[in-house]
1. Would you grab the residues whose amide H sits under 5 Å from the one on residue 155? Only those 5+ places off in sequence or on another chain, please, with H modelled 1.01 Å from N.
2. Which values, in whole Å and largest first, are the semi-axes of the equivalent ellipsoid of the chain obtained as the square root of 5 times each eigenvalue of the Cα gyration tensor?
3. With every protein chain left in place and a probe of 1.4 Å, what is the accessible surface of residue 92, to the nearest 10 Å²?
4. Sorted by packing (mean other beta-carbon atoms within 10 Å per residue), highest first, where do 98-105, 127-134, 36-43 land?
5. Please give the Cα centre distance for the stretch 171-232 versus the stretch 98-134, rounded to the nearest Å.
6. Using the Karplus curve 6.51 cos²θ - 1.76 cosθ + 1.60 with θ = phi - 60°, work out ³J(HN,Hα) for each residue of the stretch 15-22 in order, rounded to whole Hz, and write x for Gly and Pro.
7. Pull up all non-local amide H partners of residue 207: gap of 5 or more, or a different chain, and H-to-H distance under 5 Å with H placed in the peptide plane.
8. Quick one: which residues, 5+ away or cross-chain, put their amide H under 5 Å from the amide H of residue 263? H built at 1.01 Å from N.
Amino acid sequence: MEQLLSQLQEHKKEITAAVVANAEQLEAFRIKYLGTKGLVKSIMGEMKNVPADRKKEAGQLLNEFKLFVEAHFEQLTAAVQTESADAADATDWSLPGQPLPIGTRHPISIVHNRIVSIFQRLGFSVAEGPEIEDDWHNFTALNLPENHPARDMQDTFYISKNPDWLLRTHTSSVQIREMQKKDLPLRIICPGRVYRNETISARAHCFFHQVEGLYIAENVSFADLKQTLYFFVKEMFGENVKIRFRPSYFPFTEPSAEMDISCLICGGEGCSVCKRTGWVEILGCGMVHPSVLDNCGIDSKKYTGFAFGLGIERITMLLYQVKDLRLFSENDVRFLKQFSNA
Ligand code: PHE
């Protein structure tokens, strides 16, 4: 009996000193002390060697020992659990960060920004207007009355609820809105999205982007128009690009012209992009028609002005040698990310 007592004391010491650091060691502890072949079971087995008159006392001792081991096991289990929960919660600040992919500007935005900044350096400010326009601002005020044959080239999308509303076909409508303010002299560029009823192909889409420009003051001449556009082309495409003007027709300008630059792809030799002519058209321009000024309440005897309009897609295609207009609106990241360093 005394022997059993000291034996149990020893075991208690040993158990109190046991170190359990993780789930594996905890399981080893359970097997060693509480398992079917564990210490508690084997000591219980010694009851049969205890004389009958001391069985009760020994039973109490053994039972108390068993409870001690179980309580200790529970304590260790709780400790291991909080430890692993803490470990799961803990943030390791020394780990390398998760890289966030940085997007790139759309090529149309890149070229838009370049165009705007070139004209801003010449003193033009940016004016914007609505994409849903009324007939008067988009057509009539620009000398394109109903049934004018030139409307054909700018067929668009009409809003059935109100036949007077349409998706603007050019940002010339913004020029009208600005002229109506009669805050002269006026020197603006109007960038924005425009719409046309076109069959979608590599060269045409039902929407595209424009930058139109307008300068109205006293004594503005065609020479001013040419100098402004020369500056723009040199800044945009470099010193070596050649420029030519061809007479053209727009109802809202008189005289009117189209401007070509020497082909950037073949340098003027002739290739498929310039249709073997060595030249590519980049914009339309002219002196603002006196009736347009009158329509906006500006004295056409006193003021003159020039206007021009270019398509951002066209310029972007030339600069980056993009062959298909549809790529700009397909949102294919493999295409878009190529312009990251531009
Ligand atoms: N508004 C014309 C177009 O969209 C472009 C243009 C603007 C032409 C100004 C001449 C003067 O086709």
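The values are calculated or read from the model by the stated rules, or taken from the named source; none is laboratory data. As the structure is a computational prediction, the values presented were derived from the model and not from experiment. Note: ideal-geometry Cβ built from the backbone for every residue, glycine included; neighbour counts use all protein chains shown. Heads up: the accessible areas ignore ligands, DNA and RNA and are worked out on the full protein's heavy atoms, side chains in. Shrake-Rupley method; radii C 1.70, N 1.55, O 1.52, S 1.80 Å.
1. For residue 155, the qualifying residues are 197.
2. Each semi-axis is the square root of five times an eigenvalue, giving 91, 23, 18 Å.
3. Near enough 80 Å² of accessible area.
4. 127-134, 36-43, 98-105
5. Going from one Cα centre to the other spans 15 Å.
6. 5, 4, 7, 4, 9, 10, 9, 8
7. 196
8. 268, 279, 280
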